[in-house]
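Since the structure comes first, as structure tokens, the remarks are kept for the end.
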Amino acid sequence: MEKYFQLNAYGTNVKSEIIGGITTFLTMAYIIFVNPSILETTGMERQALITATCLAAAFGTILIGLSAKVPFAMAPGMGLNAFFAYTLVLGQGINWQTALGVVFLSGILFLILTIVGIQEKIVNAIPKELRIAVAVGIGLFIAMIGMKNLGLIIAHPHTLVTMGKLEPKVLLGLMGLITIIILEIKKVHGAILIGIIATTILGMSFGIVKIPTGFIAMPPPLTPIAFQLDIFAAFQWNLMAVIFTFMFVDLFDSVGTIVACSYEARLIQEDGSIRNINKMLQADAVATSIGALLGTSTTTTYIESAAGIADGARTGLAALCTAILFIAALFFTPLIEIVPTFATAPALIIVGVYMFKNVGAIDFRDFRIGFPAFLTIILMPLTFSIATGLTIGFLSYVIIAALSGASNRIPRVMWIIGILSLLNLIISANM
């Protein structure tokens, strides 16, 4: 391990790596509960989704740990799983098999762009404020889904949405939300996971949640969802924009997470570059495509890796430890299955808050960037579509810059993105 991971060179040891790996797992283990609860709304089998989530997380984390030798963890990404379920499948009426094909193709596209080095040009072409707006908009979108799943907001025929009744399930979910908030304030590792477990136990005590008949069992089979993706159905013109959307969001999310965590782990080199960043992005792309084969939405690098880094993780050995824990979780499916939606809903709201927190970095006084950023943010939750927010945000930025005499500031790549956004808007309007 010393020879492969160079522990001494990074000022770490096996004990620190194991502790860091465990910490990372505890802070992101909520995805084992949340991802199946979101994706099962598409008709996919919940038990199989638990297995797919754990295996996709383990595979991606092992891949990035061994190839890039960094203490980062991967799992199906929040936001993209909601886009997969609520926009693509439930919103556009596309079956989940085709949606998995879309995810697979987005991973292949991501990998190609990474290999040829175009991904850096794409990231640099899009203004920082718009990239932040994408994360903020997805945060609002996820929080809205969390409140909907909790029953805190419901549909209304005249006002579109209104506050739901404070039924027992809603009250228990709110108690779980408060629990997570307090634990987050006190910097307790695994606050979201603890909140989910506490809410589930409360549900049992009130007879709302069934008591598990067992604790340990063999992992549920992947058969109902594994290798069920329909790549040929996904490879059609009207889904090209969706494929690009998955790729764009994964790219922004991964780059942002990698940069932030690399500073924490002291992986920044003297010239400001990040060691092995191409290997990290390639691992992300491969993990996305493999995850689609297993039967889950886009796999991406998790910002929760920073928690493990703060506890001493510095190399890929910590990632391997995190991956082993995801594999071990497979054998506790009976416990995972009983977790209700109202217990996972607070996790969505908290994740939404974390994604929203950088909104202050956007200068809304400058309408050339402030207005496109605003449209990107507000249209994601209001149209229930990440793709719509991206499309109109990018397009409005190009149009406003061109008409205000700042067309010379628009990079060529951004012009191409703007044209593709316009085509997507026209196609979507006529579907």
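The values are calculated or read from the model by the stated rules, or taken from the named source; none is laboratory data. None of these values were measured; they are calculated from a predicted model. Don't worry about glycine lacking a Cβ; one is built from the backbone with ideal geometry, like all the others, and counts go over all protein chains shown.
Summary table
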| read-out | value |
| --- | --- |
| Residue that is modelled with the highest pLDDT, among those in the stretch 258-294 that are farther than 30 Å from Leu49 by Cβ and part of a helix (DSSP H, G or I) | Asn278 |
| Yes/no for Ile309 being β-branched (Val, Ile, Thr), surrounded by 23 or more Cβ atoms within 10 Å (Cβ to Cβ) and either in a helix (DSSP H, G or I) or under 21 Å from the mean Cα position of the chain (by Cα) (or both) | yes |
| Among residues of the stretch 359-395, those that are surrounded by fewer than 20 Cβ atoms within 10 Å (Cβ to Cβ) and either of a type in the set (Val, Ile, Thr) or closer than 18 Å to Leu423 by Cα (or both), counted | 3 |
| Number of the exception - Thr162 against (1) over 18 Å from the mean Cα position of the chain (by Cα); (2) at pLDDT 90 or above; (3) of a type in the set (Val, Ile, Thr); (4) part of a helix (DSSP H, G or I) | (4) |
| Candidates Ile32, Ile50 - the one that is modelled with pLDDT of 90 or more, under 25 Å from the mean Cα position of the chain (by Cα) and over 22 Å from Leu90 (Cβ atoms) | Ile32 |
| Matching residues in the stretch 331-342 - criterion: being touching a Gly at 6+ places or on another chain (Cβ under 7 Å) and in a loop (DSSP other than H, G, I, E, B) | Pro340 |
| Condition check for Ile118: more than 19 Å from the chain's Cα centre (by Cα) and under 20 Å from Val255 (Cα atoms) | yes |
| Elements of type helices (runs of 4 or more DSSP H) contained in the stretch 1-117, each with 2 or more residues being surrounded by 20 or more Cβ atoms within 10 Å (Cβ to Cβ) | 14-28, 31-39, 46-67, 96-116 |
| Test: residue in the stretch 232-240 that is surrounded by 19 or more Cβ atoms within 10 Å (Cβ to Cβ) and either among the aromatic types (Phe, Trp, Tyr) or in a helix (DSSP H, G or I) (or both) | yes |
| Top-ranked residue of the stretch 199-231 - restricted to ones that are small (Gly, Ala, Ser) and at pLDDT 90 or above, ranked as surrounded by the fewest Cβ atoms within 10 Å (Cβ to Cβ) | Ser205 |
| So Ala323, is it at pLDDT below 95, in a helix (DSSP H, G or I) and not hydroxyl-bearing (Ser, Thr, Tyr) | no |
| Any pair with Cβ under 7 angstrom, 6 or more apart, that starts in the stretch 273-301 at a residue that is under 13 Å from Ile258 (Cβ atoms) and surrounded by fewer than 20 Cβ atoms within 10 Å (Cβ to Cβ) and ends at one that is modelled with pLDDT of 90 or more and among the hydroxyl-bearing types (Ser, Thr, Tyr) | Lys279/Ser67 |
| Sole exception among (1) over 25 Å from the mean Cα position of the chain (by Cα); (2) surrounded by fewer than 20 Cβ atoms within 10 Å (Cβ to Cβ); (3) closer than 16 Å to Ile126 by Cβ for Ala401, by number | (2) |
| Every pair of residues 6+ apart whose Cβ atoms lie under 9 Å, when the first sits in the stretch 151-169 and is free of Cβ contacts under 8 Å to residues at least 60 places away in the same chain and of a type in the set (Val, Ile, Thr) while the second is surrounded by fewer than 12 Cβ atoms within 10 Å (Cβ to Cβ) and not in a helix (DSSP H, G or I) | Ile153/Thr162; Ile154/Thr162; Ile154/Lys165; Val161/Ala155; Thr162/Ala155; Thr162/His156 |
| Only listed residue being within 18 Å of Leu382 (Cα to Cα) and either more than 19 Å from the chain's Cα centre (by Cα) or buried (at least 23 other Cβ atoms within 10 Å of the Cβ) (or both), chosen from Ile181, Ile153 | Ile153 |
| Test: residue in the stretch 360-367 that is under 24 Å from the mean Cα position of the chain (by Cα), among the aromatic types (Phe, Trp, Tyr) and within 30 Å of Ile181 (Cβ to Cβ) | no |
